[in-house]
Each structure stands twice: as C-alpha cells, then as structure tokens.
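Below: the structure, in structure tokens.
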Amino acid sequence: MRLRFPFLILFAFFSMAASTQYIPRFDVQGHRGARGLRPENSIPAFIAALDTGVTTLEMDVVITKDKQVVVSHEPWMSAGICYDSTGNEFSDKAEKKYNIYQMTYDEVKRFDCGSKGNEKFPQQLKMKISKPLLSDVLVAVETQIKNYGSYEVDYNIEIKSSPEDEKKYQPSIEEFSDLVYTLVDEYIPLDRLVIQSFDFRVLQYWHKKYPAIRLAALVENTKSIDANLAALGFKPSIYSPYYKLINKEKVHHLHQEKIRVIPWTVNEVSDMLSLKGMGVDGIITDYPDRARKYKMTLNIARK
C-alpha cells in the first residue's frame, strides 16, 4: 500500500491496515475544496485545501448536455453564488432555468461563480471563476502535488442524484456513474477514489459494477444505522452522516461492522475535537485551515 502521508509515525498504522477498505487514520476532507476560503468546487478551492494539509478533497459532480463531467453542487446555476453569462445577477426563481444538463460546457463556463462570493462564508476570497471540468480539477491537483512534492490525496466525489431529477437534471444513474468512472480512471489510480451519494441507488450500482471502489453512504435522515444499512443492502466503506446525528455509541457500532465514520459538515473547532473524542475516522469541513491547527492530533491514526 502506498504511503500517502508525510508523518513517519503513521507508517506502522498503514502497514497494519488489512485492506484499502478500512484505513485507520483520521481523514480531514476539504468540503467543496475549501468553501470557507475560496469559491466552492473551484480549482483555487482545491489548491487552497491542499495547502492546509487535507488528506481528501471532497467535491460534487453533474453532467452537461454534451456529456462532460462538471464539478458543481447543483445541476443548475445557483443564484446565490453565480452571475449569468452577461455578468448580471438572476433570481432564485430563475436559477433552475439554467439547467446544466441542458447546457453545453461552453455555455456553462461563461457563468461567473466566484466574483459574487457567498454571504454564508464572509472569509471566502472573491474571484472570477467558472465551474471546472472534473478532468481539469484532477490535472490541476495532480500537477500541484507533483510540482511541490506534496503527498497524494484521495478524491471523495459525490454523485448528485435523485429519482425526481433523472432525465430532467441528470442522466440515468448508470450513464452518470459510467461517465464518472471512465473519466477518473484516465487520470488517477482508482484506489484513491471514493464515491459518495445520498441516493443509495447510485451506491448499489457502483457496488455491483465497480466493487473495488470505496463507497460512502451519505445520511441526513434520523433512521437507525441498521435501517439505513438494510436499505443500502451492503456494508459501505464509510458511513457519512450529518455531524449532529452521530454519537460515541453509534461510532462504536459502526466500527464493530468495520465501517469508517466521517461526518459532514463540521466547521467549528469545538465540534471537530468533540467528534474526534467520539472516535470518528475523519471530518468533512468547509474550513480545513481550522483543522490544520490540530493536525498532529487530528491525523494521528485511531488505535
């Protein structure tokens, strides 16, 4: 197994790992890159996250009319963060008419989704930026790693999917998944890929067709762990709940099942440390720079 983290203290833990499906280290994931610092899901956000020392880059993908894989949280242009192709604002009511699945990538890249900023993240640096292709993100990150001698990171890619959106805002989950798999396979080793989704149909498809890929079940419901796992139909590599839905007992239960626990989206240092005390295996955060202060603590492997 490749050593991915520079601290030699982790070597013993890596060497004892039974498989790539259950890696006993604390995983700091930059949510949408580093949304608290740079425009979300942009190349500058992913580079900023690398600079803070994340171990995984978390991102979302959607599909264009011309079958390009684009890094974007919504399958439409969000009025909250984007200007239209003429540089003007548009309303929340109008945003869904800018359906990325009905646009070519040449049309998508004309929208500025960085100059407006995000009122929820006042520290975010404003810059003129368009939604990037996933291929461009992978090239930029891997080039940064190579040129600056950085350690390799994993990619946690969320497939944004729902039954209601199929055919209107997205292709079928089969076509969606195959487009993502084929593209990623061209650029990085697949042992560095995690696929996550709230749509369990997506995970079930990947589990059947691409069984070597690590899968993360995103959870925001209040059902029991066992009920969610039963609905999924198999044990995922990662169980990723909203952070307020997890506690020490649930973490212990999941660890007994050999499932890692990485909650989202954890932005306050007090919550980061509280969750680490519960024994979680990582966090997804908009502010990976806040986790950096505690890196020697956060990235020591769980015994």
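Listing for the model above:
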{"item": "Selection from the stretch 203-217 of residues that are in contact with an Asp or Glu (Cβ under 9 Å, 6 or more places away or on another chain), buried (at least 17 other Cβ atoms within 10 Å of the Cβ) and in a helix (DSSP H, G or I)", "result": "Tyr205"}
{"item": "Subset of the stretch 168-202 (residues that are among the small types (Gly, Ala, Ser) and assigned to a helix (DSSP H, G or I))", "result": "Ser177"}
{"item": "Within the stretch 250-295, tally of residues that are of a type in the set (Phe, Trp, Tyr) and either surrounded by fewer than 18 Cβ atoms within 10 Å (Cβ to Cβ) or part of a loop (DSSP other than H, G, I, E, B) (or both)", "result": "2"}
{"item": "Cβ-Cβ under 7 Å pairs, at least 6 apart or on other chains, the stretch 239-265 side under 12 Å from Ala217 (Cβ atoms) and among the small types (Gly, Ala, Ser), far side assigned to a strand (DSSP E or B) and at pLDDT 95 or above", "result": "Ser240/Gln196; Ser240/Ala216; Ser240/Ala217; Ser240/Leu218; Ser240/Val219; Ser240/Trp264"}
{"item": "The lone exception for Ala94 - which of (1) part of a loop (DSSP other than H, G, I, E, B); (2) free of Cβ contacts under 8 Å to residues at least 40 places away in the same chain it fails", "result": "(1)"}
{"item": "Failed item in (1) surrounded by fewer than 16 Cβ atoms within 10 Å (Cβ to Cβ); (2) at pLDDT 95 or above; (3) within 18 Å of Gly33 (Cβ to Cβ), with Thr104 passing the rest", "result": "(3)"}
{"item": "Number of the exception - Lys131 against (1) over 17 Å from Arg38 (Cα atoms); (2) in contact with a strand residue (DSSP E or B) (Cβ under 9 Å, 6 or more places away or on another chain); (3) in contact (Cβ under 8 Å) with a residue 60 or more places away in the chain; (4) not hydroxyl-bearing (Ser, Thr, Tyr)", "result": "(1)"}
{"item": "In the stretch 108-158, the residues that are assigned to a strand (DSSP E or B) and either more than 20 Å from the chain's Cα centre (by Cα) or of a type in the set (A, V, I, L, M, F, W, C) (or both)", "result": "Asp112, Leu133, Ile157"}
{"item": "Top-ranked residue in the stretch 129-169 [being out of contact with any helix residue (DSSP H, G or I) (no Cβ under 8 Å at 6 or more places or on another chain) and crowded, with 20+ Cβ neighbours inside 10 Å; ranked as farthest from Gly87 (Cα to Cα)]", "result": "Asn156"}
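The values are calculated or read from the model by the stated rules, or taken from the named source; none is laboratory data. Quick caveat: nothing in here was measured; it's all calculated off a predicted structure. Backbone-built Cβ (ideal geometry, glycine too); neighbour counts: all protein chains shown.
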